[in-house]
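Data first, discussion second: the structure below is written as structure tokens.
The values are calculated or read from the model by the stated rules, or taken from the named source; none is laboratory data. As the structure is a prediction and not an experimental result, all values here were calculated from the model. Note that we place each Cβ from the backbone using ideal geometry, even for glycine, and neighbour counts take in every protein chain shown. Surface accessibility is based on the protein's heavy atoms, side chains included, excluding ligands, DNA and RNA. Shrake-Rupley method; radii C 1.70, N 1.55, O 1.52, S 1.80 Å.
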Amino acid sequence: MNRLTQFVILWSLAISIGSAQETATIPDVEQHDISSLGTKVTQLRTDSETANKQAHDLAESLRQKPDAAKKSELRTAVQQAFTLRQSLLRAELQELRARLEKTC
């Protein structure tokens with residue numbers, strides 16, 4: 001298994017572990033306007049998908065031709081994708097909590 005494959009596997013595990021930890025530690029959400037939360041979730045989803053695609057494209061480029069500069073760029077892209085994914089998960093949780101509060 002090459003280093004890039006190991007990196008991607010570790011990244012995936014970090015996302016899984018991070019989302020489980022974030023779910024457990026998110027404080028109670030105040031009542032929010034559900035439509036504004038929906039807009040936020042949609043934007044974060046788009047940003048997250050874009051960042052993931054960029055990281056994937058950089059990883060594919062590195063597989064074809066190793067380059068130290070691109071490796072650094074990939075690390076930055078993966079960190080950004082991870083951060084956006086965590087923000088998306090938090091926003092989705094807020095939206096779900098707001099919907100639940102509205103139904104109660």
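Within the stretch 33-40, identify whether any single residue is more than 14 Å from the chain's Cα centre (by Cα) and not in a helix (DSSP H, G or I), and answer yes or no.
yes
Just checking, does the stretch 27-45 include any residue being among the polar types (S, T, N, Q), open to solvent by less than 50 Å² (accessible area, probe 1.4 Å) and at pLDDT 90 or above?
Of all residues in the stretch 27-45, those among the polar types (S, T, N, Q) come to 31, 35-36, 39, 42-43.
After this cut, where a residue has to be open to solvent by less than 50 Å² (accessible area, probe 1.4 Å) as well, the list is none.
No, because not a single residue in the stretch 27-45 is among the polar types (S, T, N, Q), open to solvent by less than 50 Å² (accessible area, probe 1.4 Å) and at pLDDT 90 or above.
Quick one: Ser48 ticks every box in (1) of a type outside the set (D, E, K, R); (2) modelled with pLDDT under 90; (3) under 12 Å from the mean Cα position of the chain (by Cα) except a single one, so which number is it?
If we test Ser48 against (1) of a type outside the set (D, E, K, R); (2) modelled with pLDDT under 90; (3) under 12 Å from the mean Cα position of the chain (by Cα), just (2) comes out false.
Looking at the stretch 55-104, which of its residues are modelled with pLDDT under 90 and outside any helix (DSSP H, G or I)?
Within the stretch 55-104, Pro66, Asp67, Cys104 qualify.
Taking interchain pairs and intrachain pairs at least six residues apart, which have beta carbon atoms under 7 angstrom, with the first residue in the stretch 62-90 and within 12 Å of Leu44 (Cα to Cα) and the second crowded, with 18+ Cβ neighbours inside 10 Å and of a type in the set (S, T, N, Q)?
Ala81/Ser48; Leu84/Ser48; Arg85/Ser48; Leu88/Ser48
Mind checking which residues of the stretch 46-76 are within 18 Å of Glu95 (Cα to Cα) and either in contact with a Leu (Cβ under 8 Å, 6 or more places away or on another chain) or surrounded by 14 or more Cβ atoms within 10 Å (Cβ to Cβ) (or both)?
Hits for the stretch 46-76 are Asp47, Ser48.
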